[in-house]
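The values are calculated or read from the model by the stated rules, or taken from the named source; none is laboratory data. This one's a predicted model, so the numbers in the text were calculated from it and none came from an experiment. Note: ideal-geometry Cβ built from the backbone for every residue, glycine included; neighbour counts use all protein chains shown. Side chains included, ligands, DNA and RNA excluded: accessible areas come from the protein's heavy atoms. Shrake-Rupley method; radii C 1.70, N 1.55, O 1.52, S 1.80 Å.
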Amino acid sequence: MTWAERLTLLAYGLVMRALQPLLRRKLRRRGQEEPGYLDHMPQRFGFYEGVAPESGRIWVHAVSLGETRAAAILIEALRDVRPGMRLLLTHSTATGWAQGQALLRPGDAQAWLPWDTPEATRRFLQHHRPQLGILMETEVWPALVQACVQAQVPLALANARLNDKSLRSALRWSWLSGPAYRRLTAVLAQSPDDGARLEQLGATVQAVLGNLKYDVPAQPDAQALAQVWRQRWQHHGTPRPVVMLASSREGEEALWLQALTGNTDRLTDLKAAGVVWLLVPRHPQRFDDIHAWLTAQGLAVVRRSSWDVGPPLQVPSEPLTVCLGDSLGEMPVYFQSADMALLGGSFVPLGGQNLIEAAAFGCPVIMGPHTFNFAEAAQNAQQVGAAMRVSDMDSALDQVWAWLRQPAELASARQKGLELVAQSRGAAMRYAQALAGRI
């Protein structure tokens, strides 16, 4: 390490220490909306008293919900190639933690990844003493990388991706990000474009292995539950079309309602078709607010949290049928319940959400103009006909009506998505084998 890099890390450490009070305030504020943020608070700063230390685990860091879903696929493959593997699973968000609990087996452990200061990351590694660290997708932190180098813990970046926007931002801070990426033990990228962008930051990309999320496992229980829901949504024995707003972000529900009510002829047609609207917000802290807002707009709303096996038999049809997906871990059920999905995060400039899961469960996607977070997956789905790109929410509802009037095209889009996922499988075992050589 050069003197300039040492000084850079020193300055970075000072800044991150100074920001710790702000982090505590943020966690307390988030904890009012999601109590999980208040659990095990000392771990956020590198204190793990009460957690039995055990060396030799394989440490996987999955910051939030999406990364944890990808980690689940990788962890299963790692257990196949290394039976008896013990896991240390870390997160940074409450939704990631909640999703990750289902991945644990006897002998595994779960913890918060600490705030990125030299002291906290050093305490984390001294306590847990992992055999190998695996960061999922994008999570590269300078102090953490340096602590792993000092502790001689190999650190890999798996299912690695980097979009153009993130690359431009990282290059502006290249004096800090560059050394961190260069010191990673292994970088395994999703695509050649991701690999090329990562190399611009100084990373040594060992291989391009594809996207783990194409290996999403079959969910027979979810499929069975989805069939129950569809039966409950029938009208006098006739199936009603279900259109999902998937992983919606702030502002998109308003765009949807404005587009829906702003075109009287189309609204009349969609109501006559008996469309059930399934709204699934991305973040659970918004569930109550979205319910209150929908109700204030005069909509008849049924919350997922209010039913057990399936929605009420008498789903209201006037003025609009809206089901609010206010649950975690049920995206496979939601996608298999829907005839099509509007892709959340793509109708506001937030980069979209991952649409591979939708394709895997046979749910065609209508996506807005903003998909830079998952550009390759969006492009692939569009090219094969599993997804349609539109300019805005109004055009999205035009496409909804077009697909409802042309069921053969909708069925074709569904089949194209299933074929795309089937042809792209296999990344999980490639990643597991590449990483197993370092265990």
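What number of residues within the stretch 16-57 are at pLDDT 90 or above, hydrophobic (A, V, I, L, M, F, W, C), surrounded by fewer than 16 Cβ atoms within 10 Å (Cβ to Cβ) and assigned to a loop (DSSP other than H, G, I, E, B)?
Qualifying residue count for the region: 1.
Are there any pairs with C-beta distances below 7 angstrom linking a residue in the stretch 178-205 that is touching a residue at least 60 places away in the same chain (Cβ under 8 Å) and outside any helix (DSSP H, G or I) to a residue that is open to solvent by 50 Å² or more (accessible area, probe 1.4 Å) and hydrophobic (A, V, I, L, M, F, W, C), with the two at least 6 apart or on different chains, and if so which?
Filtered contacts from the stretch 178-205: 191/208.
Could you grab me the full set of residues in the stretch 378-392 that are in contact (Cβ under 8 Å) with a residue 24 or more places away in the chain and open to solvent by 10 Å² or more (accessible area, probe 1.4 Å)?
Of the stretch 378-392, the ones in contact (Cβ under 8 Å) with a residue 24 or more places away in the chain are 378, 380-381, 384-388, 390, 392.
Scanning the stretch 378-392 gives 380, 384, 385, 388, 390, 392.
Looking only at the stretch 377-393, decide whether some residue is within 16 Å of the chain's Cα centre (by Cα) and assigned to a helix (DSSP H, G or I).
Initial filter on the stretch 377-393 (within 16 Å of the chain's Cα centre (by Cα)): 377-378.
Among the residues that remain, those that are also assigned to a helix (DSSP H, G or I) are: 377-378.
Checked against the condition, which is being within 16 Å of the chain's Cα centre (by Cα) and assigned to a helix (DSSP H, G or I), the stretch 377-393 yields at least one hit.
Could you give me the residue pairs with C-beta distances under 6 Å whose first residue belongs to the stretch 393-418 and is of a type in the set (D, E, K, R), whose second residue is open to solvent by 40 Å² or more (accessible area, probe 1.4 Å) wherever it lies, and which are 6+ apart or on separate chains?
Filtered contacts from the stretch 393-418: 416/384.
How many residues does the stretch 70-109 hold that are open to solvent by 50 Å² or more (accessible area, probe 1.4 Å), free of Cβ contacts under 8 Å to residues at least 40 places away in the same chain and either in contact with a helix residue (DSSP H, G or I) (Cβ under 9 Å, 6 or more places away or on another chain) or in a strand (DSSP E or B) (or both)?
Matching residues across the stretch 70-109 total 1.
Could you count how many residues in the stretch 110-153 are of a type outside the set (Lys, Arg), in contact (Cβ under 8 Å) with a residue 60 or more places away in the chain and on the phi > 0 side of the Ramachandran plot?
1
With the requirement that a residue be over 27 Å from the mean Cα position of the chain (by Cα), exposed (fewer than 13 other Cβ atoms within 10 Å of the Cβ) and touching a residue at least 24 places away in the same chain (Cβ under 8 Å), what does the stretch 232-257 give you?
Residues satisfying the conditions are 235, 238.
Just to be sure before I move on: is residue 167 buried (at least 19 other Cβ atoms within 10 Å of the Cβ), in contact (Cβ under 8 Å) with a residue 12 or more places away in the chain and within 23 Å of the chain's Cα centre (by Cα) in the structure I sent?
For residue 167, the condition - buried (at least 19 other Cβ atoms within 10 Å of the Cβ), in contact (Cβ under 8 Å) with a residue 12 or more places away in the chain and within 23 Å of the chain's Cα centre (by Cα) - is not met.
Go through the stretch 358-376 and give me each residue that's buried (at least 24 other Cβ atoms within 10 Å of the Cβ) and in a helix (DSSP H, G or I).
Answer for the stretch 358-376, where residues must be buried (at least 24 other Cβ atoms within 10 Å of the Cβ) and in a helix (DSSP H, G or I): 358, 359, 360, 374.
Take residue 152 and tell me if it is open to solvent by 50 Å² or more (accessible area, probe 1.4 Å) and at pLDDT 95 or above. Give the derivation first.
Values: open to solvent by 50 Å² or more (accessible area, probe 1.4 Å): yes; at pLDDT 95 or above: yes.
Answer is yes for this residue.
Go through (1) buried (at least 16 other Cβ atoms within 10 Å of the Cβ); (2) at pLDDT below 95; (3) within 30 Å of residue 422 (Cα to Cα) for residue 198 and report which single condition fails.
(2)
If only one of 12, 37 is in contact with a Pro (Cβ under 7 Å, 6 or more places away or on another chain) and either of a type outside the set (Asp, Glu) or under 18 Å from residue 132 (Cα atoms) (or both), which one is it?
Details: 37 fails: in contact with a Pro (Cβ under 7 Å, 6 or more places away or on another chain).
After ruling out the rest, the residue left standing is 12.
Being out of contact with any Gly (no Cβ under 7 Å at 6 or more places or on another chain) and either closer than 26 Å to residue 186 by Cα or open to solvent by 70 Å² or more (accessible area, probe 1.4 Å) (or both) is the requirement here; does residue 404 meet it?
Working: out of contact with any Gly (no Cβ under 7 Å at 6 or more places or on another chain): yes; either closer than 26 Å to residue 186 by Cα or open to solvent by 70 Å² or more (accessible area, probe 1.4 Å) (or both): no.
No, not satisfied.
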